[in-house]
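Following: one structure in structure tokens, then a few remarks.
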Amino acid sequence: MSVRLDRRQLLLSAGAAALVLAVAPRFVFAQASGAQTPGGQAPGGKGFTLPPLPYAPAALEPHIDATTMSVHHGKHHQAYVDNLNKALANHGDLQAMPLADLLKRVPELPESIRTAVRNNGGGHANHSMFWSIMGPNAGGAPDGEVGAAITRDFGSFDDFKTRFNSAGAGQFGSGWVFVTADPSSGKLAIAARPNQDSPAMEGVPVLMGNDVWEHAYYLKYQNRRADYLAAWWNVVDWGAVNRRYAAIRKGELVI
């Protein structure tokens with residue numbers, strides 16, 4: 001119990017420190033470059049960089065608060081990028097490898113860096129996807145090919161949300177809940193994974209996903225993960241999800 005309380009106190013302390021960022025003048029954030037972006041690779045393919053948010057930290061309020069977004073992106077995601085680059089510092093061939101390919105090769109990596117790449121490469125990939133499928137003035141029912149696929153594979157959008165939220169709520173401890181898409185058939189499936197693991201590590205394309213680590217929601221929702229999961233649908237950008245789906249169906253790598 002004491003360890004859990006310490007983690008929560010750290011989250012609250014980090015949120016207070018980041019409040020300065022929330023009230024400071026907003027930076028101009030670059031627009032997302034599309035579904036084919038391979039997850040923040042540095043120019044020349046040497047190492048990885050933190051992709052900018054495609055919207056201001058406050059853009060997803062009231063569903064996700066600005067302080068959480070600032071800390072989540074600027075601290076947590078940045079740490080995954082930094083630690084991934086540190087793990088690959090003496091492996092130039094791996095630094096130049098696209099992130100999707102690197103994740104699929106995790107079992108083949110040298111044992112000395114395997115866990116670091118799995119945790120931090122997975123964290124970089126998962127968060128890069130996460131920011132790209134959310135946005136302001138979003139939410140509502142899915143349309144286009146994704147909407148049709150959800151109805152085909154789950155019966156209705158409400159049934160889909162219920163199964164997705166149940167998988168997210170049932171993920172013990174930290175982790176993610178994903179929707180995967182089969183490139184050949186387009187069939188969708190829901191999959192939960194612990195920590196920063198991803199179906200991408202198994203060569204299965206990720207269409208979308210939600211972060212159920214406490215750092216993604218604790219400042220606003222405390223221990224109410226179910227409330228966070230329900231509110232998250234208000235910020236899902238179905239246009240971005242449809243672009244990812246089209247890229248997957250074409251056989252293009254997406255993160």
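The values are calculated or read from the model by the stated rules, or taken from the named source; none is laboratory data. Quick caveat: nothing in here was measured; it's all calculated off a predicted structure. No Cβ is skipped: glycine too gets one built from the backbone with ideal geometry, and neighbour counts run over all protein chains shown. Note: areas computed on protein heavy atoms with side chains; ligands, DNA, RNA excluded. Shrake-Rupley method; radii C 1.70, N 1.55, O 1.52, S 1.80 Å.
Using the Cα atoms as the points, what is the convex hull volume per residue of the range 77-123 in Å³? List each step's numbers first, then the result.
On the way: hull volume 3.0 nm³, N = 47.
Taking only Cα atoms, the range 77-123 has a hull volume of 65 Å³ per residue.
Compute the Cα gyration tensor for the range 109-252, then decide on rounded, prolate or oblate, letting a ≥ b ≥ c be the square roots of its eigenvalues: rounded whenever a/c is under 1.5, prolate when a/b is larger than b/c in the other cases, and oblate in all that remain.
oblate
If r is the Cβ-Cβ distance from THR49 to ASN234 and R0 is 22 Å, what FRET efficiency results, to the nearest 0.05?
Plugging the Cβ-Cβ distance into 1/(1 + (r/R0)^6) gives 0.15.
Mind checking which aspartates and glutamates have their Cα closer than 17 Å to the Cα of LYS187? Skip sequence neighbours fewer than 8 apart in that chain.
Answer for LYS187, where 17 Å is the Cα cut-off: ASP143, GLU145, ASP153, ASP159, GLU202, GLU252, listed by chain and number.
For the range 135-217, take the alpha-carbon Rg, divide it by the Kirkwood Rh, and send me Rg/Rh.
With Rg and the Kirkwood Rh in hand, the quotient comes to 0.96.
Per residue, how much accessible area does the range 196-237 show when a 1.4 Å probe rolls over the protein heavy atoms, in square angstrom?
Accessible area per residue, the range 196-237: 31 Å².
Go through LYS161, LYS250 and list them by solvent-accessible area, largest first, probe radius 1.4 Å.
Solvent-accessible surface, decreasing: LYS250, LYS161.
Calculate I(q)/I(0) for the range 212-255 by the Debye formula, one identical point scatterer on each C-alpha and no solvent, and give its log10 at q = 0.24, 0.30, 0.34 Å⁻¹ to two decimals.
-0.78, -0.95, -1.11
In nm, what is the difference between 0.36 nm times the number of residues separating ARG114 and GLN78 and their Cα-Cα distance?
11.0 nm
Which of the lysines could a cross-linker bridge to LYS220, judged by Cα under 28 Å and excluding same-chain residues fewer than eight apart?
LYS75, LYS161
Expressed as a whole percentage, what fraction of the accessible surface of the range 85-168 belongs to carbon and sulfur atoms when a 1.4 Å probe is rolled over the protein heavy atoms?
The computed percentage sits at 45.
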